[in-house]
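For reference, the structure discussed in these notes is given below.
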Amino acid sequence: MSQGDLGRHSAAHDRDAAHDRDAARNRGEMTVHGEAGPARAWIRSYAARRGRRSALTLERVERFLPERRIPDGPLDQHAVFGRVAPLVLEIGCGHGAAAIAYCQAHPDHDLLAVDVHTPGIARMMAAAHDAGVDNLKVALGDAVFVLRDRVRPGSLHAVHLFFPDPWPKDRHAKRRFVSAFTLELISSRLAPGGVLRVATDQELYATHTLAALEAHGGWDVVIGDRPAWRPTDGFERKGIAAGRAIHDISATRS
Ligand SMILES: C[S@@+](CC[C@H](N)C(=O)[O-])C[C@H]1O[C@@H](n2cnc3c(N)ncnc32)[C@H](O)[C@@H]1O
């Protein structure tokens, strides 16, 4: 093969690779290279939502996001929270009832709430403002990338994952947030003795989580340790009303 052939070949290869990457991204899949482990296929754990944001959401975002969002780059806790306190990351905070309740019950801790859903984050920021909660900051985006790129290794006191999307169908199981990859990422970001708390009203998700923790290893797992500060609204109330049990799993990094 001549030099020219090689050049053409590599340009075509680059184009194909870029095309594959774009197609995968549109399907919600991507290869993530990170220090937390080997490359893996990142798969979107949330439904892609389209549509216009309401005037209320836009107003809340404009008013509250500048003071609540963490700046780009690795998190500088002192710069963001004005102190270095035990730091909790909540993944998929929704409209933030649990995040706000945690902050109120633990004024000496700080919490970073992450979600991809802007209306939920907007509602949480407005509620936090009304309640005078200032130990709560937000990141709008996929928690995988927040964990990987913004949170320093060994820096988290706890990670909360409450009522994650269950993706109950077998063919969607790969979309569940808990996976070998995310457990490794979370484990690397927790401080020694840090805790991952998962709550779900879906037995299938509890079974999935326990199996993933067991397969990953390095966790002391306790079942049924419901934190008293968590409000009983939202998915917890709906689950109980529908006759489902609430499964609380806490896994301490050993
Ligand atoms: C079923 S809702 C539960 C919300 C909240 N935890 C509650 O209990 O009300 C799941 C939430 O997780 C969010 N989510 C799913 N995957 C996520 C990810 N990879 N990063 C950030 N948020 C995610 C969704 O946008 C949604 O708001």
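Derivation of every value follows stated rules applied to the coordinates shown; laboratory data play no part. What you see is a predicted model, and the numbers here were worked out from it, not measured in a lab. Cβ: placed from backbone, ideal geometry, glycine included. Neighbour counts: every protein chain shown.
Give me the pairs, please: first residue somewhere in region 165-191 and part of a helix (DSSP H, G or I), second residue anywhere and surrounded by fewer than 15 Cβ atoms within 10 Å (Cβ to Cβ), beta-carbon distance under 7 Å, and either six or more positions apart or on two chains.
Ala180/Ala215; Ser187/Gly218; Ser188/Pro153; Arg189/Pro153
What pairs come up if the first residue lies in region 229-241 and is assigned to a loop (DSSP other than H, G, I, E, B), the second is surrounded by fewer than 13 Cβ atoms within 10 Å (Cβ to Cβ), and their beta carbons are under 6 Å apart, counting only those six or more places apart or on different chains?
Trp229/Ala105
Hey, any hits in region 214-222 for a residue that's out of contact with any strand residue (DSSP E or B) (no Cβ under 8 Å at 6 or more places or on another chain), part of a helix (DSSP H, G or I), without any contact (Cβ under 8 Å) to a residue 60 or more places away in the chain and over 15 Å from Arg253 (Cα atoms)?
no
What do you reckon, is Ala79 away from the ligand (no atom under 12 Å from the Cβ), in contact (Cβ under 8 Å) with a residue 12 or more places away in the chain, surrounded by fewer than 14 Cβ atoms within 10 Å (Cβ to Cβ) and within 19 Å of Asp134 (Cα to Cα)? Let's see the steps before the verdict.
Working: away from the ligand (no atom under 12 Å from the Cβ): yes; in contact (Cβ under 8 Å) with a residue 12 or more places away in the chain: no; surrounded by fewer than 14 Cβ atoms within 10 Å (Cβ to Cβ): yes; within 19 Å of Asp134 (Cα to Cα): yes.
Taking the combined requirement at face value, the residue does not satisfy it.
Suppose we keep only residues that are surrounded by fewer than 22 Cβ atoms within 10 Å (Cβ to Cβ) and part of a helix (DSSP H, G or I) within region 192-207. Which one would you say is farthest from the ligand (Cβ to nearest atom)?
Thr207
Does Leu56 count as more than 18 Å from Ser155 (Cα to Cα), touching a residue at least 40 places away in the same chain (Cβ under 8 Å) and away from the ligand (no atom under 16 Å from the Cβ)? I'd like the intermediate steps shown before the answer.
Numbers: more than 18 Å from Ser155 (Cα to Cα): yes; touching a residue at least 40 places away in the same chain (Cβ under 8 Å): yes; away from the ligand (no atom under 16 Å from the Cβ): yes.
So Leu56 fits the description; yes.
Residues checked against (1) within 10 Å of the ligand (Cβ to nearest atom); (2) surrounded by 20 or more Cβ atoms within 10 Å (Cβ to Cβ):
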| position | (1), (2) |
| --- | --- |
| Leu136 | no, yes |
| Gly141 | yes, no |
| Ala158 | no, yes |
| Asp170 | no, no |
| Ala173 | no, no |
| Thr182 | yes, yes |
